[in-house]
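What follows is a short report on a single structure.
The values are calculated or read from the model by the stated rules, or taken from the named source; none is laboratory data. These figures come from a predicted structure and were not determined experimentally. Cβ sites come from the backbone with ideal geometry, for glycine too, and all protein chains shown count toward neighbours. For accessibility, only protein heavy atoms count, side chains too; no ligands or nucleic acids. Shrake-Rupley method; radii C 1.70, N 1.55, O 1.52, S 1.80 Å.
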Amino acid sequence: MANDILWTPSKTRQQNANLWAFAEKTKALHNCAPDDYDGLLRFSIDQPQAFYSSLWDELGIIGEKGERTLIENDDIRKVRFFPDAKLNYAENALKNADDRIAIIGHRDDGTRREITRKGLYDLVSQLVQAMKAKGVKKGDRVGAIVTNDIEAIALYLASAAMGTIWASCSPDFGPEGATDRLAQIEPKILFAVPHYNYAGKHINVAPSINAVAKEAKIEHVVLLDTPKPDAHYEIAHQTLDEFIAPFAPSEIEFERMDFDAPMVILFSSGTTGKPKCIMHRGAGLLIQHLKELVLHSDVKPNDNFFYFTTCGWMMWNWLVTGLAAEATLITFDGNPFYPKAPRLLDLIDQEQIDIFGTSAKYIDALNNLNVKPRETHSLASLRAILSTGSPLLPENFDYIYRDWKDDVQLASISGGTDICGCFMGGVPTKPVYRSELQGAQLGLDLAILDDDGNELINQPGEFVCRNAHMSMPIGFWGDEDGEKYRSAYFDKFDNMWAHGDFVEKTDHGGYIIHGRSDATLNPGGVRIGTAEIYRQVETIDQIEEAIAVGQDWQGDQRVILFVRLQDGVVLNEDLIKLVKTRIRTGATPRHVPAKVIAVADIPRTRSGKISEIAVRDVIHGRKIKNTTALANVECLDAYKDLAELKE
């Protein structure tokens, strides 16, 4: 059944949980039993002053807390947390710099490296000195095209230590994808891997580095490794070793910042144009992430913590905050199925991983490959499995408890780049129900609404957050009047964050995510925008216009591209190949459509905008909302019951 309980924490497991300890310490404030999560959640929402002050103390935040916890406001975008505080993200991440292992880095080619907390501190110290010597200062932007590895994490922390603003993307974005993101913010300096391996293949990153450096007029380019002899660079550069060679490790002067000072820029999926540059405050990410890691994921000091992610996904920022929880981070860069499917499962036993995080798509892929870790691996260290990126299918809940391990907390979690954190996720003191996320994260007033704003239980609707939280963005880079920020999240419901998800809340406080309610694509659990697809298609003369949508398919989502061709053009295999190649090279492999289908017309609103949501609903057999807004609604008949979408 859909709501069967698959796992219940033992009393010992509950009482050893960090969440239980927090509930007991704060009992005088809420009078809830430590296993009464619903009561603790109500307290965190109804008494934000007491909750956030207690949270700061519980998490051991290093910095000046200040006298005030919260300045409330009727507009949730104007609520201010810890207005008198001064703190630095990196100072918290690099605390207790001793001989314990901080990071163990694995690469596609089998390389394994490690660095201690003291070694990481020293490397960050050298990077800070080297950046300052190049004239990089507080408030400057630091750009990065990097892989999930030790050096990228050290650079991120060095940027945070100085009070600069970090922005990274994965090298697989390609020249245009990287430029669309990084050039917008005009980095003072660019760090980049000159190459990387994926599934045993060597990939040169020089074209992306050249494109970003040229477009953004970057003054300094630092390569994290020695470039291959055949790589061509159009800009002056030096290696990371050369960059830090003049500087000996010394004590870091951490720049303690106001709570609302920006530290990170993450990039939206680019649905309506170039990706939006979402600014996040370092203090907010530190406390929000630690709440999610320590209280909801039960990460403890010296745990071995793994998340499969790239540096273009917010889960990388989330993973790095594990250092502030004094966990050892296990990183991996490469193809998780290379050279064989159990590659990451091997890491669990090899590194004695306690908390293992991955995508729902990865779990689904292993299930489809009939991989049964229980029969081939010990998994003795494994306490929790975290899954995100897309909804975890009910049968994959069964798969984990049947074929992985029966005594493990399976925490499906959900949030996004927009908040660089989680709305819903694990609750280590509660049972795991089949197909459900365990609950709302502390401090978040979540609701499911119908189109008229009425709250729903046990039926899907629009997911909203009704209160302010610490990792709401500061805003978008370049959006001086805040209009783009407001319209992105607050247009649908007054003074509520509308996230763009269809979600169902169960009567016992769990959540089931049914997919996106907007036009954002989500193949393989990676949110991408349609605008980057359109920019590539527009370069193909044979195509008049196109419309891209996501089709739910075999537990995932695949990209479908409908094209209206120029007169006399036929959609043949050569043209389809051209379309896919152009998109792959100009955007990313994730943007490549699974199907390219010719249509006679594309639906538009009366204001002339193409209607992706109308097409998406038609191909899924859903009722079309607000057909009166469409100028050519009759063309949608051509999208119904297409044979190509059934194979």
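What the table below lists for this structure:
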| read-out | value |
| --- | --- |
| Reachable lysines, given that their alpha-carbon falls under 26 Å from the alpha-carbon of Lys95 and they are not under 8 places away in the same chain | Lys25, Lys65, Lys86, Lys118, Lys132, Lys137, Lys138, Lys291, Lys300 |
| Net charge of Cβ neighbours under 12 Å - reference Pro431; Lys, Arg +1; Asp, Glu -1 | 0 |
| Positive minus negative residues near Ala261 (Lys, Arg vs Asp, Glu; Cβ under 11 Å) | +1 |
| Set of lysines near Lys201 by C-alpha distance (under 19 Å), chain-local residues within fewer than 8 positions excluded | Lys228, Lys340 |
| For the range 19-142: span of alpha carbons on each principal axis (Å, largest first) | 50, 35, 27 |
| Accessible area per residue, Å², the range 35-127 with all protein chains present, probe 1.4 Å | 43 |
| Cα shape, the range 228-350, gyration tensor, a/c 1.5 rule | rounded |
| Peptides ranked, highest mean first, by Cβ atoms within 10 Å: ranges 453-462, 379-388, 396-405, 294-303 | 294-303, 379-388, 396-405, 453-462 |
| Accessible area of the range 136-220 divided out per residue, in Å², using a probe of 1.4 angstrom | 28 |
| Cross-link partners of Lys492 among lysines (Cα-Cα below 26 Å; sequence separation of 8 or more within a chain) | Lys78, Lys274, Lys276, Lys484, Lys505, Lys609, Lys623, Lys625 |
| Kyte-Doolittle at least 1.0, axis length at least 30 Å by Cα - qualifying DSSP helices, the chain | none |
| Accessible area per residue in Å² at 1.4 Å probe, computed on the range 242-371 | 29 |
| For peptides 88-96, 199-207, 215-223, 547-555, sequence by mean Cβ density within 10 Å, most packed first | 88-96, 547-555, 215-223, 199-207 |
| Cubic angstrom per residue, convex hull over Cα atoms of the chain | 157 |
| Neighbour net charge for Phe173 - beta-carbon separation under 9 angstrom, K R +1, D E -1 | -2 |
| Percent accessible area from carbon and sulfur atoms, the chain, protein chains only, probe 1.4 Å | 47 |
